[in-house]
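Student: My questions will all concern the structure given below.
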Ligand SMILES: [Zn+2]
């Protein structure tokens, strides 16, 4: 299984769900669901990366959590109420295994093991959102951008990321000029290469040294909840997460 959560399902849970798991491809910036919207599906990313973002009345949005092949999007809504607590947007396009929300809920109600796994995952997302709040309030833009790029790299399995500076600024809740200055600095230091909306991570180890502690903290949360395998789903050879 290319998704950590699916790989942790018991054979009987997987057998029950398998006929309802549909692979699909989603493009960058596609909105899976809006805040307070009733949702009909849950999403297990295999190569796509999803941002859970908080939207503000002026149209701004700030990322609370990033989910990729180490998780599921929409599981809390599946377990109760079906209402999305935030916007889910495709950050990096790719494949996602989609499941009907009622099917997952029904399977979880029949299997305490599956229910416990989904609840544990929601704890990991909650911990990530808490970390993001602390990060936003206390850490420098440079360190936050490094953290953000590393997690995007781990979840997408590639060193080449397609992001505009506007998008990065939006996710980090900072001005575009701040992102431009930091990206320039990281490029000068030989950590990344940046050109026309494409970022290449050149030195993941040094990027990790420059990232705030939140990168390692979030990885540690996932390892605590899902075991050492939590970092093994990541596809990049010599992952910074594994190195740390
Ligand atoms: Zn931080």
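Readers should treat all values here as calculations from the given coordinates under stated rules, not as data from a laboratory. Note that the structure is predicted; figures quoted are calculated from it, not measured. Virtual Cβ from ideal backbone geometry, glycine too; neighbours counted across all protein chains shown.
Student: Which order do the peptides 64-71, 22-29, 11-18, 218-225 come out in when sorted by mean C-beta neighbours inside 10 angstrom, highest first?
Tutor: 64-71, 218-225, 11-18, 22-29
Student: Next question. Efficiency by 1/(1 + (r/R0)^6): what FRET value for residue 58 and residue 213, r their Cβ-Cβ distance, R0 = 30 Å, to the nearest 0.05?
Tutor: After rounding, the FRET efficiency stands at 0.45.
Student: Please list, in order, the residues from segment 68-92 whose amide nitrogen is less than 19 Å from a point placed 7 Å along the Cα→Cβ vector of residue 2.
Tutor: The answer is 68-73, 90-92, whose backbone nitrogens lie closer than 19 Å to the label point.
Student: I've got another one for you. Mind checking the full-extension length gain between residue 160 and residue 21? Use 0.36 nm per residue of separation minus the Cα-Cα distance, one decimal, nm.
Tutor: So the extension gain works out to 47.2 nm.
Student: When the chain is fully extended, how far beyond the present Cα-Cα distance does residue 28 get from residue 83, taking 0.36 nm per residue of separation?
Tutor: Going from the current span to full extension adds 17.5 nm.
Student: What angle do you read, to the nearest 10 degrees and between 0 and 90, between the alpha-carbon axis of helix 214-226 and the longest principal axis of the chain?
Tutor: 20
Student: I would also like to ask the following. Which order do the peptides 131-139, 151-159 take when ranked by the mean count of other beta-carbon atoms within 10 Å per residue, highest first?
Tutor: Descending packing order for the listed peptides: 151-159, 131-139.
Student: What angle do you read, to the nearest 10 degrees and between 0 and 90, between the alpha-carbon axis of helix 141-156 and the longest principal axis of the chain?
Tutor: 40
Student: Working from Cα positions, state the angle (0 to 90°, nearest 10) between the long axis of helix 101-110 and the longest principal axis of the chain.
Tutor: 60
Student: Additional query: Kindly state, to the nearest 0.05, the FRET efficiency for residue 138 paired with residue 224, given R0 = 25 Å and r defined as their beta-carbon distance.
Tutor: 0.65
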